[in-house]
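Just so it is clear, none of the values below were taken in a lab; they were calculated from the coordinates. Computed from a predicted structure; not experimentally measured. Counting neighbours? That spans all protein chains shown, and the Cβs are built from the backbone with ideal geometry, glycine included.
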Amino acid sequence: MSALSIEHSSAAYRLDYAVYGVAVVGVSVGLVLGAPPSMAGALAGMALAGVLAWSAMEYGLHRFVLHGLQPFARWHAEHHRRPTALIGTPTLVSAPLFGLLVALPAVWLWGWLGAALTLGVLSGYLAYAVVHHGLHHWKSNSPWWKRRMRSHARHHHGLYPVCYGVTTGFWDAVMRTNP
C-alpha cells in the first residue's frame, strides 16, 4: 500500500497514533521547559480552547467535508462500506495540514499561547482517532462508551444523515443532527 493511500497497512495505521502521540508529548515538553512559568494558567486555558476548537473542527470536517466535498466524500464512503478496514487520512497528508493550518498561524500570531492552542487541537485529534478506532474495534460497558457506540452506529447505518460527532454529541445537538 502506498504511503498516501487511504487504506493503511497495520504498521502505517499505528504510525499515525505514534506521530500524534509524539507531537502531543513534544509540544507539552516544549511548553513546560520553554514557556515562562507565569503563563501556566493562560497556557492551560489555551490548551483547553484548542480541545474545544478541535471538537467543532471534528464535527465540521466530518459533516461538511467527509460527507459533502469530493473526493473526500467518496473516500469516506469507503469507510462506511468497510467500517473495520484500516482506512483514514494518511499521516503524510494530515501532519503537514496541522502544521500549515493550525501550528504555524497560531504560533506566529500568539507565540507560546499559540503553541498551547496547537497542543489542545492535536490532543483533541488524537483522542478522536483513538475513540473512532475503538468504536469500530473495541467493546466497553461504560455508559459514555455505549452512548458513543449507539450514536456512531446510527451514523453508519441510519436512514438519515445524523450523528457526525464521534467524541461528543454536543455539536449534533447544537446543529440538530442528532436523531
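Between LEU109 and ARG14, what length in nm is gained on full extension when 0.36 nm per residue of separation is reduced by their alpha carbon distance? The partial results should precede the final answer.
Numbers: separation 95, 0.36 × 95 = 34.20 nm, distance 3.26 nm.
My answer for the length gained is 30.9 nm.
Roughly speaking, what is the centre-to-centre gap between the range 1-67 and the range 127-179 when only Cα atoms are used, to the nearest Å?
Taking the Cα centre of each part, the range 1-67 and the range 127-179 sit 20 Å apart.
For a quick check, take a GNM of the chain with Cα springs below 10 Å and name the residue from VAL93, VAL51, VAL24 with the largest mean-square fluctuation.
Its mean-square fluctuation being the largest, the pick is VAL93.
Assuming R0 = 22 Å, can you tell me the calculated FRET efficiency for the pair ARG154 and VAL174, based on Cβ-Cβ distance, to the nearest 0.05?
On the way: r = 17 Å, r/R0 = 0.78.
Result of the calculation: an efficiency of 0.80.
Where in the range 111-149 are there trypsin sites (Lys or Arg not before Pro) that are in a DSSP coil and have at most 11 other Cβ atoms within 10 angstrom of their Cβ?
Numbers: sites: LYS139, LYS146, ARG147, ARG148; in loops: LYS139.
Here the sparse-neighbourhood loop sites are LYS139.
For ILE6, enumerate residues with amide H under 5 Å from its amide H, sequence gap 5+ or separate chain, H modeled in the peptide plane.
The answer is none.
Just in the range 35-142: which chymotrypsin sites (Phe, Trp or Tyr not before Pro) are loop by DSSP and have at most 15 other Cβ atoms within 10 Å? Don't jump to the answer; show the numbers that get you there.
Values: sites: TRP54, TYR59, PHE64, PHE72, TRP75, PHE98, TRP108, TRP110, TRP112, TYR125, TYR128, TRP138; in loops: TRP138.
Passing sites in the range 35-142 are TRP138.
Does anyone have the angle between helix 40-60 and the longest principal axis of the chain? Alpha-carbon axes, 0 to 90°, nearest 10?
With both axes taken from Cα atoms, the answer is about 20 degrees.
Report, in deg cm²/dmol and to the nearest 500, the calculated mean residue ellipticity at 222 nm for the chain, where each DSSP H run with n ≥ 4 adds -39500 (n - 2.57) and the sum is divided by the residue count. Each step should come with its number before you reach the end.
Working: 8 runs with 117 residues, N = 179.
Helix-only estimate at 222 nm: -21500 deg cm²/dmol.
With the contact rule set at Cα under 8 Å and sequence spacing of 6 or more, what percent relative contact order holds for the chain?
On the way: 181 pairs, mean separation 53.5, N = 179.
After rounding, I find 30 percent.
Using alpha carbon coordinates only, what is the Rg to Rh ratio of the chain, with Rh defined as the Kirkwood radius?
Numbers: Rg = 17.0 Å, Rh = 17.3 Å.
When Rh is taken as the Kirkwood radius, the ratio is 0.98.
Scale the Cα Rg of the range 29-89 by the rule-of-thumb value 2.2 N^0.38 Å and send over the ratio, two decimals.
Details: Rg = 17.7 Å, N = 61, 2.2 N^0.38 = 10.5 Å.
Taking the Cα Rg and dividing by 2.2 N^0.38 Å, one obtains 1.69.
What angle, in degrees between 0 and 90 and rounded to the nearest 10, separates the Cα long axis of helix 10-34 from the longest principal axis of the Cα atoms of the chain?
The answer is roughly 30 degrees.
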